[in-house]
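Structure, as structure tokens:
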Amino acid sequence: MEKQPLVSIVMAAKDTAPYIEECLDSILNQTYENWELIAVNDHSSDATPEILRAYAEKDVRIRFLNSDRPKLIPTLQVGYAEVKGELINRMDSDDRMPDYKIQVLVDEWMSYGKGHVIAGGTEHFVDEGVVGDGFLKYERWLNEVARTSSHYQQIYKECAIPSHCWLMHKDDFDSVQAFDPIIYPEDYDLCFRMYAKGLTIIGIDKLLHHWRDRSDRISRTWEEYKDNRYFDMKLRFFYELDREKKRPLVLWGAGRNGKDMAKLIQSNNDQFHWVCDNGRKIGKDIYGVIMEHFDAVPQLENPQIMIVVSSPDGKIEIQKDLDRWGKVPVKDYWFFA
């Protein structure tokens, strides 16, 4: 058992009866056997609790609970309060695990120990039709981040670790407040808390999770996920963790994203240089800031650069400019979109 620490898998479930047996079977089929599943029903109106109860009766490693508080994070809190394991993982009740998932995560974690989070790749699937282009793009990006272990370098762009695709020691999870903050998106907030605590993310180039795409998933239907740029969250952590107000701040991008970010920066009582490549906007006064050409950036002393453009081609060209100047360390510029 010293080589097989107990892994506690925490899972909230709400109205996923059409999918949850497939999910539970994928957990039962794990080649790694020393796990427990804390499965918590979040006020389902379908057969979800009956299915969970039946599986718990078949295998003592599955424990079934009913949440006394509605919604996702409080339900996860109910489950986490019951864990007995040394290592923690989270699962979504409509997804699937490849049979090697927990074994791979544990083997990798054992090579590093406390202070490390192991994160791997993911793959979207649907029961009918095709996965949307947006999710496929996000999937490719996530897998590249895992392959290169560039989670913190990319953290302001998107949530760099899916909620179901990590493993860490319980002490480390407690040190970043576990499921305590009632903040959505909870997986992105957790990423930032790992960053703030200084946990080391070890990415592995291996598919560890099958992520179901469906029309009624909460990322499509909940108000908390409606504006998926999450600028408020990103900026809150940027000012907490990375902003050095004695250094000049550059906002790069004059489209909708750039304008929305400019307002948020001003709400933080911060001054900034605003740059773009749009000749029609350069020299204009927007929100009290004169738009400059991006060639002004290398003239600044030790700037911090926020890049807020949506065009993939635009991002490629900006990266070329940064590489050409060679004066801005990687840690001093961040893509925010």
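General remarks:
- Binned Cα-Cα distances of region 18-127, short to long, each 10 Å bin given as a whole percent: 13, 43, 36, 8, 0
- Here the Gaussian network model covers the chain, with springs between Cα atoms less than 10 Å apart; of ASP133, ASP59, ASP295, ASP133 fluctuates the most.
- Part-to-part distance (alpha-carbon centres) for region 1-51 and region 264-337, which is given in Å: 46
- Shape annotation for region 128-181: C-alpha extents along the principal axes are 41, 28, 18 Å, from largest to smallest.
- Amide H partners (placed H, <5 Å) of THR122, local residues excluded: ASN143, LEU208
- Relative to the Cα centre, the charge distribution of region 243-335, modelled as +1 at Lys and Arg Cβ and -1 at Asp and Glu Cβ, gives a dipole magnitude of about 220 debye.
- Once C-alpha pairs closer than 8 Å and six or more residues apart are averaged by separation and normalised to the residue number of the chain, the relative contact order reads 16 percent.
- CD proxy at 222 nm, helix term only [per DSSP H run n ≥ 4: -39500 (n - 2.57); per residue of the chain; nearest 500]: -10500 deg cm²/dmol
- DSSP-assigned coil residues among GluC sites (Glu not before Pro) in region 262-335, each with at most 10 further Cβ atoms within 10 Å: GLU301
- Anisotropy class of region 100-159 from Cα gyration tensor, a/c 1.5 cut: oblate
We did not get these values from a lab; they are worked out from the coordinates using the rules stated. Keep in mind that what you see is a predicted model, and the values were worked out from it rather than measured. For neighbour counting, all protein chains shown are included, and Cβ atoms are generated from backbone atoms with ideal geometry for every residue, glycine included.
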